[in-house]
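Everything on this sheet refers to the single structure shown next.
The values are calculated or read from the model by the stated rules, or taken from the named source; none is laboratory data. As the structure is a computational prediction, the values presented were derived from the model and not from experiment. Here the Cβ is made from the backbone with ideal geometry for all residues, glycine too, and neighbour counts use every protein chain on show.
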Amino acid sequence: MTAAIRVRHLWHRFGAFEVLRDVSFEVGRGEIFGFIGPNGAGKTTTIRVMATLLEPTAGRVEIEGVDVTLDPDSVRRALGYMPDHAGIYERVTVREYLEFFADAYGVKGASVVDAVLELTDLGRITDKVVATMSKGQKQRLQLARILLHDPSVLILDEPASDLDPRARIEMRNLLMELRSLGKTILLSSHILTELSDVCTSVAILERGQIVVAGPIADIAARFEAQRAGVAVGAAHTEAAPRDRRRVKLRTLGAPEAAADASRAAAGVVDVEVSGGLLLVTLAGGDALVAGLVEHLVRSGVGVVGVEQERNELERIFLEATKGDMH
Ligand SMILES: Nc1ncnc2c1ncn2[C@@H]1O[C@H](COP(=O)(O)OP(=O)(O)OP(=O)(O)O)[C@@H](O)[C@H]1O
Ligand SMILES: [Mg+2]
């Protein structure tokens, strides 16, 4: 099966400045793919090549198996591209705006506009003038526009960058709904938490190079294995701080009593009580977390919840970039 998006050895140069250096990654059909990197990493440049707006200096990009340089027209039909900070016509209503673009794209029938309005939850404000809409509503309208021609791949450059928490949640829900309709979605961001609970896979780009790419669960497992390898190799020395893991535990009864019990568990380096939760630092991975829970239960402490202090994507990011970010 071909990937929905395939980037192979992509290079791009502006003058003497190499913005992209041998970027390769793939996005499988039906994924929500997070393209993460700090400002200036080259995310928009990569996206503009995908969207047929910029010729690569070298390398290949395919959307649904079609090369963006060889057949840009087919690529545009398969693709919905939402640029960052796109301008938007302000003096028309929501419906007029979408009908204008439906016409321009040669999309027939008012039912398409209605379906898209419904999907993006703009059905109740079809007569609102664009200039008076909130940022979240405008962002949904932009998304509505790129859905009109029913593309199978959506490429969204920083879709949530200016949104408040509620609008972000709405955007996230909309992306998940689009995924359930069979779309493949690539979205860029420099904010990790924005992506962590919606993406299935990620690529981290730093100064024009891919640092790591793939399904979040696979990357996490790879790092876990690496950490275990490091721990075995350095068995006689204390585990380095970066091999440590901090977990949050919610327990029944007084947290202080649970804290005392935790201190006696294997691999526990530090225990804090904060906001009614235990924060336990362990000198290793998952096995120690399981051991801690078992120890607490045996000591008569009811464990209600256990979670990593940082979510998986944040840990991957910190580990992969090792503080090179700036
Ligand atoms: N048209 C251009 N001419 C020259 N340099 C450019 C051009 N477009 C982008 N650059 C440079 O290429 C680098 C990558 O830019 P790009 O916009 O792709 O980064 P980005 O990852 O999207 O960043 P951001 O998070 O700020 O959107 C930057 O250093 C930028 O200044
Ligand atoms: Mg950008």
Pick from segment 34-50, criterion more than 15 Å from Pro83 (Cα to Cα) and surrounded by 23 or more Cβ atoms within 10 Å (Cβ to Cβ), ranking: farthest from ligand 2 (Cβ to nearest atom): Gly34
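Give the residue that is farthest from ligand 1 (Cβ to nearest atom), with candidates limited to residues of segment 35-60 that are of a type outside the set (A, V, I, L, M, F, W, C), under 19 Å from Cys199 (Cα atoms) and at pLDDT 95 or above. Can you show your working first?
Here is the first cut: in segment 35-60, the ones of a type outside the set (A, V, I, L, M, F, W, C) are 37-40, 42-46, 48, 52, 55-57, 59-60.
Among the residues that remain, those that are also under 19 Å from Cys199 (Cα atoms) are: 37-38, 43-44, 46.
Filter once more, so that each one left must be at pLDDT 95 or above: 43-44, 46.
Numbers: Lys43: 3, Thr44: 3, Thr46: 7 Å.
Restricting to residues being of a type outside the set (A, V, I, L, M, F, W, C), under 19 Å from Cys199 (Cα atoms) and at pLDDT 95 or above, the top hit is Thr46.
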Residue match in segment 21-28 (condition: surrounded by fewer than 18 Cβ atoms within 10 Å (Cβ to Cβ), under 18 Å from the mean Cα position of the chain (by Cα) and within 16 Å of ligand 1 (Cβ to nearest atom)): no
Of residues in segment 185-217 being crowded, with 18+ Cβ neighbours inside 10 Å and among the polar types (S, T, N, Q), the one modelled with the lowest pLDDT: Ser196
Every pair of residues 6+ apart whose Cβ atoms lie under 6 Å, when the first sits in segment 146-169 and is assigned by TED's automatic domain parsing to the domain that holds Tyr97 while the second is among the acidic types (Asp, Glu) and within 16 Å of ligand 1 (Cβ to nearest atom): Asp157/Asp84; Glu158/Asp84; Ala160/Glu194
Residue satisfying condition, being touching a Leu at 6+ places or on another chain (Cβ under 9 Å), in the same structural domain as Arg140 (by TED's automatic domain parsing) and modelled with pLDDT of 95 or more, within set Leu79, Leu70: Leu79
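So which residues in segment 149-162 are away from ligand 2 (no atom under 16 Å from the Cβ) and not polar (S, T, N, Q), if there are any at all? Reasoning before the result, please.
Taking segment 149-162 and keeping what is away from ligand 2 (no atom under 16 Å from the Cβ), we get 149-154.
Residues satisfying the conditions are His149, Asp150, Pro151, Val153, Leu154.
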